Amino acid sequence: MSLLMSFLMSGIITFINLGWVSDFFVLWMDAYWKAFVIAFPTIFVVAPIVQKLTAKLIVQEPQ
């Protein structure tokens, strides 16, 4: 999840900030690895919290 999200978001934000420049791909990959370094460990911390919160918010029907 962090791999895909950091890849897409870094590409979109790089494009928004710089437009289509000649070294776009190099700049995108530079932004991507920096984003991934933050996103990967964040998923381990945030995912369990979000799962618990979601479980509390969703009402389970008895089976």
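The values are calculated or read from the model by the stated rules, or taken from the named source; none is laboratory data. Note that the structure is predicted; figures quoted are calculated from it, not measured. When we count neighbours, we look across all protein chains shown, and the Cβ atoms used for this are built from the backbone with ideal geometry, even at glycine. To get the accessible areas, we keep the full protein, side chains included, count just its heavy atoms, and leave off ligands, DNA and RNA. Shrake-Rupley method; radii C 1.70, N 1.55, O 1.52, S 1.80 Å.
The table below gives the values:
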item	result
Residue list for the stretch 54-63, filter: in a helix (DSSP H, G or I) and open to solvent by 100 Å² or more (accessible area, probe 1.4 Å)	56, 57
Residue 45 at negative phi and part of a helix (DSSP H, G or I)	yes
Residues located in the stretch 1-52, provided they are among the small types (Gly, Ala, Ser) and exposed (fewer than 12 other Cβ atoms within 10 Å of the Cβ)	19, 22
